[in-house]
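This report refers to the structure that appears directly beneath it.
Quick note: the coordinates plus some simple rules give every number you see, no bench work behind them. Computed from a predicted model, the values in this text were never measured in an experiment. Every residue, glycine among them, receives a Cβ derived from its backbone with ideal geometry; neighbour counts consider all protein chains shown.
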Amino acid sequence: MSILETDLAVSSFDEMSMLDNAREYFVQAVANLGLDHGTANLLLNPTRELTVNIPVKRDDGTCQIFKGFRVQHCNVRGPFKGGIRFYPLVNIDEVKALAALMTWKCAVVDIPYGGAKGGIICDPAEMSVNELEQLSRQYLRLIKPIIGPFEDIPAPDINTGPQTMAWMMDEACKMSGYGMAPIVTGKPVDLGGSLGRKEATGYGVACLIKNVLTKLGKSITDCRVAIQGFGNVAMWAAERLNNYGARVVAISDDQGGIFCQDGLPIIELVKYKVQNPVAHVINFPNCKHQLISNKELLELDVDVLAPCAIENQITSNNAPHIKAGIIAEGANGPVTMPADRILSDRNIIIIPDILANAGGVVVSYFEWVQNLQGFRWDRNRVINQLDIKMEESLENIWMHSIVYNKTLRQAAFMVAVQRVVDALKLRSGLTS
Ligand code: NAD
């Protein structure tokens, strides 16, 4: 039995971990492309996994140690790249899965990066700003030996944002003794961040939804959308879909969701959330909405469902009850593999995470380019270039899916894995 086979006990139809899912999609692509197991083994496991213990002096004077990770999956196409999440349930296997997904995501949209991911086990809702700053700075100090503008470039993810990146960049500058803007992306605009970065992931999701609808001969203005989450990805996806003329009928967060048949007042909701970042959508005033659970939201009778919160939200349990014809994976891994099979059998189109939410890393790449150029692009240029990248990538994956009779996810993995393997062969000759 090969390492590939021993490493993957994933033949059962039971729900699998995110790492198993990510590996199995990769293994399927290897089989679809006719690649040998030797090649696959090189890409199955990350290049490097780092675990750190981060000391933080709590406001009450006690010292607490937080566990953090940085996983670097593959850098054959360029520096490692990937976000950092602060989340109570994050673990090394999840970070390994997300790092691999970053490798495939950067390859799908053809930007010169590999894949990495970071995470810290913590609950930011229970921590003060002072404690979060210490956590961010100490984590950066501990991972600094393996990151850098041409080695590994972190970015925000769940519960992290421009302020987190500002602290991390500042700490890197202090350690190095010189300016280090391109060491992280997703920075505040005043510190070298890109205009359009905060909206980029959600805008990319919305752009792809509109283009897929067009391909299917449908109009966005006739479309009803439910969005799970109302964080960075979900909020800007909602705003752009609303601008396109779609009816966003439901949104949610970890406390539950709101629904309005005629469409939610998205402009007011975005304003409310920007002004009160810790507010929950269920407390949004002045709107004729109905409260719904996240479970109900996922099963609403809508044209498009965009899960933009966390992983493993659509499983074999609720997949048979999903009514949307299109699912756009704004989050990473929101649909489990068994659910993916059920939905595909039901001819539901899934725009896979490695394509759907790639807008964030695309504009992170633009930010890095601007930092290296020492030249700021205007917002229109950023958004136009983002749209071009997303549309070109969709076109390529859509064609592959038709030519090879595969789902969009299978096609996206085939394109990504082939690009990485081509780079690997050119660089090392390690593969046959
Ligand atoms: P965020 O922290 O800004 O928002 C997360 C949202 O999910 C919040 O509204 C939160 O309340 C909600 N949520 C958390 N737990 C939930 C639960 N159990 N049920 C329902 N909702 C829940 O994070 P984000 O940056 O918007 O990231 C969301 C997803 O998108 C993640 O999977 C992330 O990896 C992925 N992603 C983010 C980016 C980016 O640029 N931020 C890029 C690519 C992919």
Using distinct alpha-carbon pairs, which all enter the 1/r mean, Kirkwood radius of segment 178-329 in Å: 16.0
Segment T315-E151, length gained on full extension (0.36 nm per residue, minus Cα span): 55.4 nm
Long-range HN-HN contacts of G115 with modeled amide H, under 5 Å: H73, C74, K81, T103
Cβ-based exposure ranking for K406, K67, in which fewest neighbours within 10 Å come first: K67, K406
The chain, relative contact order [Cα under 8 Å, separation at least 6], %: 16
Dipole of the chain, positive direction: furthest Cα of L300, G374, I327, with charges on the beta-carbon: G374
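For a quick check: sort Y404, Y25 by the number of other beta carbons within 10 angstrom, fewest at the front.
By the 10 Å Cβ count, ascending: Y404, Y25.
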About the Cα centre, charge dipole magnitude for segment 109-159 (Lys/Arg +1, Asp/Glu -1 at Cβ), debye: 200
Distance (nanometres) between label positions extended 7 Å along Cα→Cβ at N243 and D36: 5.0
Sequence-distant residues sharing a close amide H with V90 (under 5 Å, placed H): C122
Selection from L101, G186, Q163, by position along the positive dipole direction of segment 69-192 (Cβ): L101
Proxy reagent accessibility, fewest Cβ within 10 Å first, across M168, M337: M337, M168
Estimated vicinal HN-Hα couplings, Hz - segment 156-168 in sequence order (Karplus 6.51, -1.76, 1.60; Gly, Pro = x): x, 8, 4, 6, 10, x, x, 5, 4, 5, 4, 4, 5
³J(HN,Hα), Karplus 6.51/-1.76/1.60, whole Hz, each residue of segment 123-136, x for Gly, Pro: 10, x, 5, 9, 10, 7, 4, 4, 5, 5, 5, 4, 4, 5
Point-charge dipole on Cβ atoms (K/R +1, D/E -1) for segment 226-354, about Cα centre, debye to 20: 220
Packing-based order for 133-140, 380-387, using average beta carbon neighbours within 10 Å, highest first: 133-140, 380-387
Antiparallel DSSP beta bridges within the chain, percent to nearest 5: 55
Rounded to whole Å, sorted largest first: equivalent-ellipsoid semi-axes of segment 250-348, Cα gyration tensor: 26, 14, 11
Segment 85-97 - phi-based ³J(HN,Hα) in whole Hz, Karplus 6.51/-1.76/1.60, Gly and Pro as x: 10, 9, 7, x, 9, 5, 9, 4, 5, 4, 5, 5, 4
Cα-based convex hull volume of the chain per residue, rounded to whole Å³: 141
Under 5 Å, built H, 5+ apart or other chain: amide partners of R85: G118, G119, I120
Within the chain: Cβ-based charge dipole about Cα centre, in debye rounded to nearest 20 (Lys, Arg +1; Asp, Glu -1): 900
Pair D254, Q64: separation of 7 Å Cα→Cβ label points (nm): 1.3
Ordering of 233-239, 147-153, 50-56 by burial proxy (mean other Cβ atoms within 10 Å per residue, highest first): 233-239, 147-153, 50-56
For the chain, with +1 on Lys and Arg beta carbons and -1 on Asp and Glu, the positive-most of V249, Y203, V90 along the dipole: Y203
Potential extension, L89-E395 segment - 0.36 nm per residue separation minus Cα distance: 106.6 nm
For D157, net neighbour charge (Lys/Arg +1, Asp/Glu -1) across residues whose Cβ lies under 14 Å away: +4
